[in-house]
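Readers should treat all values here as calculations from the given coordinates under stated rules, not as data from a laboratory. In this text, all values refer to a predicted model and were calculated from it rather than measured experimentally. Note that we place each Cβ from the backbone using ideal geometry, even for glycine, and neighbour counts take in every protein chain shown.
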Amino acid sequence: MPTTIRSLLTFVILMTILLLAGCNVLPAEFAQQTPQPDPALDPEICQNIVNQMMELTRSQEVPKHLLNYGGAPQEGDFDPNSYFEILKHISMEPGYTLDYVYFSTLMGAEPILYARKTDQKPFQSTNEFYEATGEDRNENRYLEHVRTDGTPQGFLEYVILAIHGEQFYLYWHANYNDLQVVCTPAGVNEIIKKLEEYDFGVPLTDSQKRDVLAFLMFFPGVRLKVRRWRFR
C-alpha cells in the first residue's frame, strides 16, 4: 500500500557531500564509520536518477514572462510533474498535482513548489500563494502530498525530490541552490572536475580534495525504525 510521508519522516543524508559549501573537513562521525552497501539500493541507479534530474532541471531556460513579472507558469512552461517520469517509485497523492509560483526579485528568481488539488485553480502570484497558505518559504509542504511505494528506493527518491525539486528556472543568486545528492565515487569526482573547470568562487584546496577522496566508500541506504524511516 502506498505510504504518505509526513512529519514523522526524518532522514540523515550521509551520502550527500557539501563540496560547494566550502567545508574544510568531513564530519568526524563520517570518518569513524565504514559504510556498507545496501542490498536494496543500487548506487549506480541512484546516481543515474540524480544525473537525469539535474539534466532536466538545468536545461530549462527561464521564460521572460516569469523572469520579468513572476507569478504562475503558462502553457508550455516547465511542468514539475515530469519528475515522476524519472522518480518512478513516488507519485502525488491521488487528487493532487504538483504546481509552482515563480518568485522574482532584483537579486534573483526561483520557483516555489506546492501541491494543489486537481480541481483547485492555480495560484497566480507568490502573494496569493502566501496569503492563502500561510506557508513559510522553506516549509516545502508539497512533500506531505508525495507518496512512496513503501520501498527503500521510494524513500530514496523522495529525498532526491526534496533536494532537487526546486532547482529549475533558477536565476542569478538563486543558483546558490545547488545542493546535490551524490551516490557514487564517480559522482564525487565529477563535482571536483567541474569545480576545477570553472574560474569562479573559491576552489577546493589540496587538503579538501584529499579529505573528500578519502571518503569515497559510501552508499545510499534506508533503514526502517519505529514509526519512521532513517535515510543515510
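Of note:
- Phi angles across the range 62-78 convert, under the Karplus curve 6.51 cos²θ - 1.76 cosθ + 1.60 with θ = phi - 60°, into 3J(HN,Hα) values of 5, x, 4, 5, 7, 5, 7, 10, x, x, 9, x, 10, 4, x, 6, 4 Hz, Gly and Pro given as x.
- Highest average packing first - 55-64, 101-110, Cβ atoms within 10 Å: 101-110, 55-64
- Rh by Kirkwood over Cα pairs, then Stokes-Einstein D for the range 50-127 at 0.890 mPa s and 25 °C, µm²/s: 180 µm²/s
- Note on Q60 and M107: with the Förster distance fixed at 25 Å, the Cβ-Cβ geometry gives a FRET efficiency of about 0.80.
- Net charge of neighbours whose Cβ lies under 15 Å from the Cβ of Y198, counting Lys and Arg as +1 and Asp and Glu as -1: -2
- Across the range 95-106, computed HN-Hα scalar couplings (Karplus, 6.51 cos²θ - 1.76 cosθ + 1.60, θ = phi - 60°) run x, 10, 9, 9, 9, 7, 10, 10, 9, 10, 9, 5 Hz from first to last residue, x flagging Gly and Pro.
- Here each label is just a point 7 Å from Cα along the line to Cβ, and for Q120 and L179 those points are 2.4 nm apart.
- For the range 83-88, backbone phi angles converted through the Karplus equation (6.51, -1.76, 1.60; θ = phi - 60°) give residue-by-residue couplings of 4, 6, 6, 9, 8, 7 Hz, Gly and Pro being listed as x.
- Once the Cα-Cα distance is subtracted from the 0.36 nm per residue extended length, the T151 to A40 segment shows a gain of 39.1 nm.
- Taking only the C-alpha atoms of the range 60-186, the Rg (one decimal) and the largest Cα-Cα distance, Dmax (whole number), read 14.8, 45 Å.
- Here's the picture: a label point sits 7 Å out from the Cα of K209 along the beta-carbon direction, and within the range 147-191 the residues with their amide nitrogen under 18 Å of it are 185-191.
- Spin-label pair E196-Y130: with each label point 7 Å from Cα along the Cα-Cβ axis, the two points sit 4.4 nm from one another.
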